[in-house]
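What follows is a single structure, written as structure tokens, with notes after it.
The values are calculated or read from the model by the stated rules, or taken from the named source; none is laboratory data. Keep in mind it's a predicted model, so treat the numbers as computed, not measured. Here Cβ is always computed from backbone atoms with ideal geometry, including for glycine, and neighbour counts include all displayed protein chains. Calculation scope for accessible area: heavy atoms of the full protein, side chains included, ligands and nucleic acids excluded. Shrake-Rupley method; radii C 1.70, N 1.55, O 1.52, S 1.80 Å.
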Amino acid sequence: MTPTDMTHAAPVWNGDVAKARVLQTELAARVRLEDDYPPLRRVAGVDVGFEDGGTVTRAAAVLLDARTLAPLAEVVARQPTRMPYIPGLLSFRELPALLQALSELPESPDLVFVDGQGIAHPRRLGIAAHLGVVTGLPTIGVAKSILVGTHEDVGPHRGDRQPLEHKGEVIGCVLRSKDRVRPLIVSPGHRVSMATAPELVLAFNTTYRLPEPTRLADRLASRRGSVRR
DNA sequence: GCGACAG
DNA sequence: ATCTTGTCGC
């Protein structure tokens, strides 16, 4: 699939919450949780921010060298905001702009780190899983807080973790990425297993709380990032 | 019916 | 997410 084809897979918000939920359940059935990603050469981080009081959705995609973590390309896509934030339906609000940003990267990534839940979602289709299913790309969801699920207390050191459970199923893991800092909520998005997801997050995590792909996309989406020269 | 609730 | 400066802690 060529990058430009991806925008055609964007979910369409028609104001019908019930219909959106049915679509999520259908798409969730297409999520693959077996490890099935190529040797990692380039990885991407994507995130969304808002401008002008929320009227403009700003999506950022950063491509980095998987070996050195050096940024290879950065893209920002802007679109008018079409719907409000509704817990559980985040992908309908943010995916259109995110797909546009991803499609404008010069090369396709081997893995995408998405800011939000993977399958750790009421219907097992958080934005990372949704993005994976519509693009076919391997994805991992890295969220800063929980949408659904419960867990035991997590140890204080980097690498400590606890399974996140919901309705009798393990849907992700609560992972401490840095000593004594609030843990991250990690869950597979697509073509990545439950066991591998947290390992990949740690592998791409350096001295900050967030893994590098996510951290760079975050800064770009939120207008921060000191591009001082 | 009463909360909780990714970003 | 966003509105927003300095400040407490490692």
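Side notes on the structure shown:
- Where A:HIS166, A:HIS8, A:HIS130, A:HIS157 fall by accessible area, highest first, once all protein chains stay in place (1.4 Å): A:HIS8, A:HIS157, A:HIS166, A:HIS130
- The Cα atoms of chain A give a gyration tensor whose axes a ≥ b ≥ c have a/c under 1.5, which makes the shape rounded.
- Ellipticity estimate at 222 nm from DSSP helix runs (n ≥ 4, -39,500 (n - 2.57)) divided over chain A, nearest 500: -7000 deg cm²/dmol
- Taking every DSSP beta bridge that has both ends in chain A, the antiparallel portion is near 80%.
- Rounded D (µm²/s) - the stretch A:63-199, Kirkwood Rh over Cα pairs, Stokes-Einstein at 10 °C, 1.306 mPa s: 102
- Computed lengthening from A:LYS19 to A:ARG223, 0.36 nm per intervening residue step minus Cα-Cα distance: 70.0 nm
- Under the span-like rule (Cα at least 15 Å along the axis, Kyte-Doolittle mean at least 0.0), DSSP H helices of chain A: A:17-28, A:90-103
- The stretch A:1-100: translational diffusion in µm²/s, Stokes-Einstein, Kirkwood Rh over Cα pairs, 37 °C, 0.692 mPa s: 213
- Cα centroid separation - the stretch A:28-73 against the stretch A:117-165, whole Å: 15
- Accessible-area ranking of A:LEU184, A:LEU40, A:LEU202, largest first, probe 1.4 Å: A:LEU40, A:LEU202, A:LEU184
- Nearest-0.05 FRET efficiency for A:VAL170 and A:THR207, computed from C-beta distance (R0 35 Å): 0.75
- Heavy-atom accessible area for A:ILE146, with the other protein chains in place and a 1.4 Å probe, reaches approximately 70 Å².
- Spacing of the two label points (7 Å from each Cα toward its C-beta) at A:SER145 and A:THR7, in nm: 3.3
- Averaging the sequence gap over all C-alpha pairs within less than 8 Å and six or more residues apart, then dividing by the number of residues, gives the stretch A:37-221 a relative contact order of 22 percent.
- Distance (nanometres) between label positions extended 7 Å along Cα→Cβ at A:ALA70 and A:GLU152: 4.4
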